[in-house]
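Student: This is the structure, below, for whatever I ask next.
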Amino acid sequence: MKFREALKSVSPYVPGKSIDEVKREYGLDKVVKLASNENPYGASPKAVKAFKSYEDLHIYPEPDPEDLRQKIGEYVGFDAERIVLGAGIDGVMENIFKLFVDSSDEVVIPIPSFPYYHILTRVCGARDVCIARKEDFSIDVQAMLDAVSEKTKIVLLCSPNNPTGNIENEEVVREIAESCNAVVFVDEAYAEFSSKNLLKLAEYENVVIARTFSKAFGLANLRIGYAIVSEEIRKEYLKVSTPFPLSTPAKLAAMAALDDQEFLRFVVEKTREERRRVSKKLMDMGVKVYPSEANFILIETPLKSAKLAEELLKRGIIVRDCSKFIGCSEHHVRVSIGKKEENDAFLEAMEDVLCS
Ligand SMILES: *Cc1c(COP(=O)(O)O)cnc(C)c1O
């Protein structure tokens, strides 16, 4: 069979190992997963209830549910006509790429960042132009602007950035948006955990701000993402979107989750509190911890990350070895912030690995 030439440069997305896999492989009965930035508190019980309440599973869902867009609009402070929906941020991003990226176009990505950006760019037959971040992982604006050409269709920014955890300065993103014709796609998957966000920049026609229900809202399995776009982009977006990206149970869960702001606050406060505590304990062990505004931290130890991840696996803790992330070093490991007892299990295992 003759597959598209572009696929030769692509390797499949590698998800973290599952708890069951690790239990089986290592013969453990207790395993803690801190590898996929999932919400350890789960979704709001009201969202779960709303999801379960829907039984007409034989009926196609609405293609572009206005009630959900309305509610999201109120949540982010933009008109429902500026909201587009998709199967997670991943689905939204795919649609935005369908709108702008042809083969031999370019997508500029500050590295390290989310691996799927590189995959999607290459699947489109475009080139991922990788620009190194500064020491503190902030964007090198000049290098970014120098990299932008007429071929650049999208500049992909992530704030808080996965896997580094830092947020991007609003003025920096503003400068990029004003200085280029490309679409500036801002992935704010972790915005709820952060002290600041970049929503204000949605005032620019060429800025797309993407959000998700997968992280702070704890609905990763339901695949619900959205973005704030210009009305012009929204019109085109509806042409390329799959006809029914969102199931009705997913929509109902998302709406109930938005209604339960108290649960969201609980999740965010707990996560921040634990983020502070875990970071401090690790630093006390001599581990380098990068400051994070997300529900994970990037750490660096003298051990190679593959070795550290393996040693932690043996002790029943799954973390993310980042050595294969484009732009990461062989010593970078990403750790999600879990519940207190999960974090304690991780800290204990770290102590054991580093001091033995
Ligand atoms: C988790 C994650 C996503 C995926 O979000 P979905 O809405 O579940 O598709 C997107 N971007 C970043 C940076 C992520 O970490």
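Student: According to a simple spin-label model (label point 7 Å from Cα along Cα-to-Cβ), what is the distance in nm between residue 132 and residue 178?
Tutor: 2.9
Student: Starting from the Kirkwood Rh over alpha-carbon pairs, what translational D in µm² s⁻¹ does the range 48-169 have by Stokes-Einstein at 4 °C and 1.567 mPa s?
Tutor: It diffuses with D of about 77 µm²/s by this estimate.
Student: Check the range 45-260 and count each lysine pair with an alpha-carbon distance under 19 angstrom, considering only pairs eight or more places apart or from different chains.
Tutor: Taking the range 45-260 as the scope, the lysine pair count is 18.
Student: Long-range amide H contacts for residue 244: which residues qualify at under 5 Å (H placed 1.01 Å from N, peptide plane, sequence gap of 5 or more or a different chain)?
Tutor: none
Student: Here is a further query. Which one, 60, 183, 73, is farthest towards the positive end of the dipole of the chain when Lys and Arg carry +1 and Asp and Glu -1 on their Cβ?
Tutor: Positive-end residue among those listed: 60.
Student: With the Cα gyration tensor of the range 168-214 in hand, give its eigenvalues times 5 under a square root as the equivalent ellipsoid semi-axes, listed largest first in whole angstrom.
Tutor: In descending order the semi-axes read 19, 12, 7 Å.
Student: Report relative contact order for the range 229-356 in percent, whole number only (criteria: Cα-Cα under 8 Å, sequence separation at least 6).
Tutor: Normalised by residue count, the contact order of the range 229-356 is 21 percent.
Student: Go through 195, 1, 92 and say which Cα lies farthest out towards the positive end of the charge dipole of the chain; charges sit on Cβ, +1 for Lys and Arg, -1 for Asp and Glu.
Tutor: Projecting each Cα onto the dipole axis, the largest value belongs to 1.
Student: Can you give me the P(r) profile for the range 1-93? Cα pairs, bins 10 angstrom wide beginning at 0, each as a whole percent.
Tutor: 11, 22, 29, 27, 11, 0
Student: What does the charge add up to near residue 303, with Lys and Arg as +1, Asp and Glu as -1, over the other residues with Cβ less than 10 Å from its Cβ?
Tutor: -2
Student: If you stretched the chain out fully between residue 59 and residue 355, how much longer would it get, using 0.36 nm times the residue separation minus the C-alpha to C-alpha distance?
Tutor: Answer, rounded to one decimal: 100.8 nm.
Student: Just read off the accessible area of residue 288 with the full protein assembly in place, 1.4 Å probe, to the nearest 10 Å².
Tutor: Residue 288 exposes around 100 Å² with every protein chain in place.
Student: Give me the accessible area of residue 283, 1.4 Å probe, in Å² rounded to the nearest 10.
Tutor: 110
Student: Any idea what the relative contact order of the range 45-260 is, in percent, if you count C-alpha pairs under 8 Å spaced at least 6 apart?
Tutor: Result for the range 45-260 is 30 percent.
Student: What is the diffusion coefficient of the range 205-247 in µm²/s, taking the Kirkwood radius over Cα pairs and the Stokes-Einstein relation at 20 °C with a viscosity of 1.002 mPa s?
Tutor: Stokes-Einstein gives a translational diffusion coefficient of 184 µm²/s.
Student: So what is the calculated 222 nm ellipticity per residue for the chain, using -39500 (n - 2.57) for each DSSP H run with n of 4 or more, over all residues, to the nearest 500 deg cm²/dmol?
Tutor: Value at 222 nm, helices only, nearest 500: -12000 deg cm²/dmol.
Student: Same structure, new question: Separation of the range 170-194 and the range 46-62 by C-alpha centroid, Å?
Tutor: Here the answer is 34 Å between Cα centres.
Student: Ok, one more. Can you list residues from other chains, or at least 5 along the same chain, whose modelled amide H is less than 5 Å from the amide H of residue 105?
Tutor: For residue 105, whose amide H was placed from the backbone, the distant partners under 5 Å are 127.
Student: According to the square roots a ≥ b ≥ c of the eigenvalues of the Cα gyration tensor, what is the shape class of the range 222-356, taking rounded for a/c under 1.5, prolate for a/b larger than b/c otherwise, and oblate for the remainder?
Tutor: prolate
Student: Once you measure Cβ to Cβ distances between cysteines in the chain, which Cys have no partner under 4.7 Å?
Tutor: Unpaired cysteines in the chain: 124, 130, 158, 180, 355.
Student: Amide H to amide H under 5 Å from residue 131: which residues, 5+ apart in sequence or cross-chain, H placed 1.01 Å off N in plane?
Tutor: Counting only residues 5 or more places away or on other chains, the set is 109, 111.
Student: Further, regarding this structure: Run the quick spin-label model on residue 276 and residue 4: label points 7 Å from Cα toward the beta carbon, then report their separation in nm to one decimal.
Tutor: Between residue 276 and residue 4, the label points sit 4.8 nm apart.
Student: Then there's this: Compute the Cα gyration tensor for the range 143-299, then decide on rounded, prolate or oblate, letting a ≥ b ≥ c be the square roots of its eigenvalues: rounded whenever a/c is under 1.5, prolate when a/b is larger than b/c in the other cases, and oblate in all that remain.
Tutor: Oblate, because a/c is 1.5 or more while a/b does not exceed b/c.
Student: Charges at C-beta only: +1 for Lys and Arg, -1 for Asp and Glu. How large is the resulting dipole of the chain about its Cα centre, in Debye rounded to 20?
Tutor: Taking the Cα centre of the chain as origin, the dipole is about 980 debye.
Student: Still on this model: With a ≥ b ≥ c the root eigenvalues of the C-alpha gyration tensor of the chain, is it rounded (a/c under 1.5), prolate (a/b larger than b/c) or oblate?
Tutor: Oblate, because a/c is 1.5 or more while a/b does not exceed b/c.
Student: Of all the accessible heavy-atom surface of the chain, with the other protein chains kept in place and a 1.4 Å probe, what percent is carbon and sulfur?
Tutor: Summing carbon and sulfur atoms, their accessible area is 51 percent of the total for the chain.
Student: Between residue 339 and residue 310, how many nm apart are label points set 7 Å from Cα along the C-beta direction?
Tutor: For residue 339 paired with residue 310, the spin-label model returns 3.2 nm.
The values are calculated or read from the model by the stated rules, or taken from the named source; none is laboratory data. Note that the coordinates shown come from a computational prediction; the quantities given were computed from them, not determined experimentally. Cβ coordinates were reconstructed from backbone atoms using ideal geometry, including for glycine residues, and neighbour counts include every protein chain displayed. For accessibility, only protein heavy atoms count, side chains too; no ligands or nucleic acids. Shrake-Rupley method; radii C 1.70, N 1.55, O 1.52, S 1.80 Å.
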